[in-house]
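Single-structure report; data block below.
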Amino acid sequence: MLVTGIDLLSKAHKDGYAVGAFNTSNLEITQAIVEAAEEMKSPAIVEVSEGGLKYGGIEVISAIVRTLAQKASVPIALHLDHGTDFNIVMKCLRYGWTSVMMDASKLPLEENIEVTKNVVKIAHGMGVSVEAEIGKIGGTEDNVTVTEREAAMTDPAEAYKFAKETGVDYLAISIGTAHGPYKGEPKLDFDRLKTIKGMLNMPLVLHGASGVPADSIERAVSLGINKINIDTDIRQAFTARLRDIIDKDKVVYDPRKILGPCKEAMKEVVMNKMKLFGSAGRG
Ligand code: G3H
Ligand code: 13P
Ligand code: ZN
Ligand code: NA
């Protein structure tokens with residue numbers, strides 16, 4: 001069934017587990033996520049970036065995800081990932097999305113508060129949940145020094161003020177993860193997470209979670225992370241299986257014989273994340 005983001009995340013916050021938010025931009029990735037959720041009896045968030053929307057088109061992507069979610073035996077939310085454009089956020093609301101992220105984290109704090117507060121007012125009026133970001137979650141390609149890394153991390157007092165003034169439903173915080181594949185091993189600031197969770201007592205979101213070791217994920221969940229974003233690990237599983245198939249079989253030409261097994265590889269990744277995040281059996 002199709003549900004709102006806060007439906008899923010208020011339970012996760014209360015019972016101490018995390019729901020995976022998996023990026024899609026096409027049919028096969030969405031099938032992999034929804035089938036994994038059903039097999040694991042797990043809730044799931046299917047999320048789409050602005051780039052993903054541009055790739056698939058909002059009409060088509062909305063129809064694919066909403067249809068598969070409505071037919072599913074477990075609760076699924078449809079979420080806009082990193083909405084930086086107010087007009088795209090509004091468009092998602094019109095197309096029946098059940099959760100949106102307003103990412104104005106590049107703006108100064110007061111402006112981020114103003115923009116987010118406005119989106120919360122409109123989205124809540126339509127029964128839709130809202131995520132926002134405070135601090136800056138960069139990419140692994142960004143060459144940052146230790147001081148810059150520290151400066152990008154979420155300040156607990158700012159996060160508290162932000163949550164209070166905006167009324168946002170869940171908050172993405174920066175504690176040392178990055179988008180894309182990691183070069184070394186990411187070092188998470190668990191003390192910062194613990195402080196923020198203690199002060200805010202609300203669902204918190206971890207971005208850039210692909211490539212983060214399982215023990216760090218478990219620790220982050222135990223300290224209050226309730227939504228975990230995964231894109232890169234799924235992309236890599238897809239591509240590895242694709243290379244394998246066309247390397248081994250020089251005559252295959254039916255896209256279904258290629259994309260079918262790629263879907264299975266992505267599904268495997270998603271199911272393992274659901275077990276790791278503690279959402280399996282909660283659907
Ligand atoms: O946060 C970034 C997500 O992995 C989406 O990436 O903008 O390449 O679709 P994308
Ligand atoms: P990864 O690139 O680590 O999968 O992060 C995904 C993400 O945070 C999407 O918002
Ligand atoms: Zn992200
Ligand atoms: Na990552």
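Listed values, structure above:
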{"item": "Residue-by-residue Karplus 3J(HN,Hα) for segment 82-93, coefficients 6.51, -1.76, 1.60, Hz, glycine and proline x", "result": "6, x, 9, 9, 3, 5, 5, 4, 5, 5, 4, 4"}
{"item": "Those lysines that a straight Cα-Cα span of less than 20 Å connects to LYS275, excepting residues fewer than 8 apart in one chain", "result": "LYS11, LYS14, LYS41, LYS227, LYS263, LYS267"}
{"item": "Rounded to whole Å, sorted largest first: equivalent-ellipsoid semi-axes of the chain, Cα gyration tensor", "result": "29, 22, 18"}
{"item": "Segment 89-210: relative contact order in percent, alpha carbon pairs under 8 Å with at least 6 residues between", "result": "25"}
{"item": "Label point at TYR160 placed 7 Å out along Cα→Cβ; residues across segment 102-146 whose backbone nitrogen lies under 17 Å", "result": "134-135"}
{"item": "Carbon and sulfur %, accessible surface of segment 1-126 computed with the full protein complex present, 1.4 Å", "result": "55"}
{"item": "Segment 6-127: C-alpha gyration tensor shape, a/c 1.5 cut-off, then a/b vs b/c", "result": "oblate"}
{"item": "Cβ-Cβ FRET estimate between ILE246 and ALA151, R0 fixed at 45 Å, reported to 0.05", "result": "0.50"}
{"item": "GNM top mover of VAL74, VAL89, VAL60 - the chain, alpha-carbon springs below 10 Å", "result": "VAL60"}
{"item": "Rounded Å value of the spacing that divides the Cα centres of segment 1-47 and segment 233-266", "result": "24"}
{"item": "For segment 85-152: rounded, prolate or oblate by the Cα gyration tensor [a/c cutoff 1.5]", "result": "prolate"}
{"item": "Potential lengthening between GLU264 and MET1 on full extension [0.36 nm per residue; Cα-Cα distance subtracted]", "result": "92.5 nm"}
{"item": "Heavy-atom accessible area per residue - the chain, 1.4 Å, Å²", "result": "45"}
{"item": "Packing-based order for 198-204, 274-280, using average beta carbon neighbours within 10 Å, highest first", "result": "274-280, 198-204"}
{"item": "Computed lengthening from ASP142 to LYS71, 0.36 nm per intervening residue step minus Cα-Cα distance", "result": "21.5 nm"}
{"item": "Degrees between helix 190-200 axis and first principal axis of the chain (Cα, 0 to 90, nearest 10)", "result": "60"}
{"item": "Stretch gain in nm, segment ILE88-ALA214, where the contour uses 0.36 nm per residue and the Cα spacing is subtracted", "result": "42.0 nm"}
{"item": "Ordering of 76-85, 11-20 by packing [mean C-beta count within 10 Å, highest first]", "result": "76-85, 11-20"}
{"item": "Convex hull of Cα atoms in segment 111-204, direction-averaged projection (nm²)", "result": "6.6"}
{"item": "Segment 151-283 - percent of accessible surface contributed by carbon and sulfur, probe 1.4 Å", "result": "52"}
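The values are calculated or read from the model by the stated rules, or taken from the named source; none is laboratory data. Remember, predicted model here, so these are calculated numbers, not experimental data. Using ideal geometry, Cβ is built from the backbone for each residue, glycine included, and neighbour counts are taken over all protein chains shown. Heads up: the accessible areas ignore ligands, DNA and RNA and are worked out on the full protein's heavy atoms, side chains in. Shrake-Rupley method; radii C 1.70, N 1.55, O 1.52, S 1.80 Å.
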